[in-house]
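Throughout, read-outs are computed from the coordinates displayed, never taken from laboratory work. As the structure is a prediction and not an experimental result, all values here were calculated from the model. Using ideal geometry, Cβ is built from the backbone for each residue, glycine included, and neighbour counts are taken over all protein chains shown.
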Amino acid sequence: MLAAALRSAAELVVTALGVSVLTFLMIRLIPGDAVQVVLGANAEVTPAQIAALRAQLGLDQSVPAQYLAWLGRALHGDLGISLWTGRPVLEEILPRVGVTAELTVLALLLAAVLAIPLGCLMATARRRWADYAIRILSIAGITMPSFWLGTLLLYGVAALAPDAQVLGWVPFAEDPWGNLQRAALPVTALALPVLASLARVVRASMAEAMRQDYIRTARAKGLPQRTVVLVHALRNALLPFLTSFGIMAGYLFGGSVVIEQVFALPGLGRLMVGAIAERNYPLVQAGILLATLTFVAVNAAIDVLYAAVDPRIRRA
């Protein structure tokens with residue numbers, strides 16, 4: 001377990017450096033000039049003022065020099081200053097992270113809690129009506145984009161419960177019930193496609209596990225069907241599920257960008273969309289780096305869970 005954790009930590013550091021380089025370079029490839037965007041179409045701006053602002057932002061240096069300077073500050077916890085507000089980008093990002101994190105965590109939990117029993121049901125009821133019905137629903141769930149599903153949910157709630165509070169955001173600490181009310185629809189829109197995908201993964205891995213010799217041995221010993229499925233088969237079928245679960249964490253973050261627009265949520269994805277339009281380099285770099293590190297950290301934790309679920313990985 002310790003070796004797996006150390007290996008995951010080393011991979012996290014290497015990945016973070018690679019992502020920081022790619023993010024820094026890609027931001028510079030966005031068409032437009034951040035200085036021109038900040039100054040606007042003001043005819044009174046002189047070339048000297050433009051040069052002074054470019055020097056203040058460090059844009060007069062070469063790209064490698066800009067990256068090294070930014071990396072040095074980032075290692076000390078300074079991710080830069082927002083070009084528009086003049087505030088540290090961490091102060092801009094941290095209030096928004098809670099919204100996106102709550103949506104992502106709740107959607108992942110909802111999808112995982114429902115996917116495991118549904119996948120087990122499909123695997124144990126193969127070629128029966130329950131298997132066919134859930135498979136059809138799962139295919140429909142995978143093909144439905146989150147933004148379209150979110151729009152349908154909005155229309156449905158508006159028609160059935162016009163007084164329901166479903167738009168905007170209230171922090172959980174201020175109003176727990178109001179927070180859950182406003183989170184219900186976006187979480188559902190995010191979770192359903194993930195639920196459909198994870199349920200199919202569980203079904204496939206459970207169907208494979210149920211054909212193994214140790215399952216026949218457990219049945220020959222007279223163990224109840226519930227014990228055979230939940231204790232012996234499910235544990236060995238969890239590795240593909242964990243892999244897909246880690247990948248879906250990144251998918252949910254990408255989907256939350258659109259969902260935050262649909263439901264008018266002040267999350268990190270919505271902030272990044274505005275920052276890209278404004279050419280707010282420091283804010284975009286910090287937001288993408290934070291999101292990527294979170295995704296990599298989740299997958300590193302999944303690698304550690306592999307060793308906990310399967311003892312053979314600990315001995316490898």
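When Arg182, Arg203, Arg216 are ordered from fewest to most other Cβ atoms inside 10 Å of their Cβ, what list results? Intermediate values should be presented prior to the final figure.
Numbers: Arg182 22, Arg203 25, Arg216 12.
Ascending number of Cβ neighbours within 10 Å: Arg216, Arg182, Arg203.
For Leu185, Leu71, Leu110, Leu6, what ranking results if the residue with the fewest other Cβ atoms within 10 Å of its Cβ goes first? Could you put the intermediate results ahead of the total?
Numbers: Leu185 22, Leu71 13, Leu110 17, Leu6 10.
In increasing order of surrounding Cβ atoms, one gets Leu6, Leu71, Leu110, Leu185.
Note the full-extension length gain between Ala55 and Arg128 as 0.36 nm times their separation in residues minus their Cα-Cα distance, in nm to one decimal. Provide the component values of the computation, followed by the final result.
Values: separation 73, 0.36 × 73 = 26.28 nm, distance 6.95 nm.
Gain on stretching Ala55 to Arg128: 19.3 nm.
Under a plain spin-label model, where a point goes 7 Å from the Cα along Cα-to-Cβ, how far apart in nm are Arg216 and Ala173?
5.9 nm
Tilt of helix 281-309 relative to the longest C-alpha principal axis of the chain, in degrees (0 to 90, nearest 10)?
The two axes meet at around 20 degrees.
Multiply the residue separation of Ala10 and Ile276 by 0.36 nm, subtract the distance between their alpha-carbon atoms, and state the gained length in nm to one decimal.
Working: separation 266, 0.36 × 266 = 95.76 nm, distance 3.07 nm.
That works out to 92.7 nm of additional length.
Could you tell me the extents of the range 118-197's C-alpha atoms along the three principal axes, largest first, rounded to whole Å?
48, 26, 20
Ratio to report: Rg/Rh of the range 202-316, with Cα atoms as the point set and Rh obtained by the Kirkwood method; give two decimals.
On the way: Rg = 20.8 Å, Rh = 17.2 Å.
Looking at the range 202-316, the ratio lands at 1.21.
What are the extents of the Cα atoms of the range 186-241 along their three principal axes, listed from largest to smallest and rounded to whole Å?
That gives 47, 17, 13 Å along the principal axes, largest extent first.
Ala308 to Ala204: FRET efficiency via 1/(1 + (r/R0)^6), r the Cβ-Cβ distance, R0 30 Å, to the nearest 0.05? List each step's numbers first, then the result.
Values: r = 22 Å, r/R0 = 0.74.
Approximately 0.85, to the nearest 0.05.
Counting only other residues whose beta carbon sits under 15 Å from that of Asp175, what net charge do I get with K and R as +1, D and E as -1?
With Lys, Arg at +1 and Asp, Glu at -1, the neighbours total -1.
Mean projection of the alpha-carbon convex hull of the range 89-277 over all orientations, in nm²?
Working: hull surface 52.9 nm².
Its Cα hull, projected and averaged over all orientations, spans 13.2 nm².
First measure r as the distance between the Cβ atoms of Ile139 and Val63, then evaluate 1/(1 + (r/R0)^6) with R0 = 41 Å and state the FRET efficiency to the nearest 0.05. The partial results should precede the final answer.
Working: r = 46 Å, r/R0 = 1.12.
Computed FRET efficiency for Ile139 and Val63: 0.35.
Looking at the chain, what % of the alpha carbon pairs are farther apart than 30 Å?
Numbers: 24334 of 49770 pairs.
Looking at the chain, the distances longer than 30 Å represent 49 percent of pairs.
In the neighborhood of Ser82, defined by Cβ-to-Cβ distances under 10 Å, what is the net charge if each Lys or Arg adds +1 and each Asp or Glu adds -1?
Values: positive: Arg87; negative: Glu91, Glu92, Glu278.
With Lys, Arg at +1 and Asp, Glu at -1, the net is -2.
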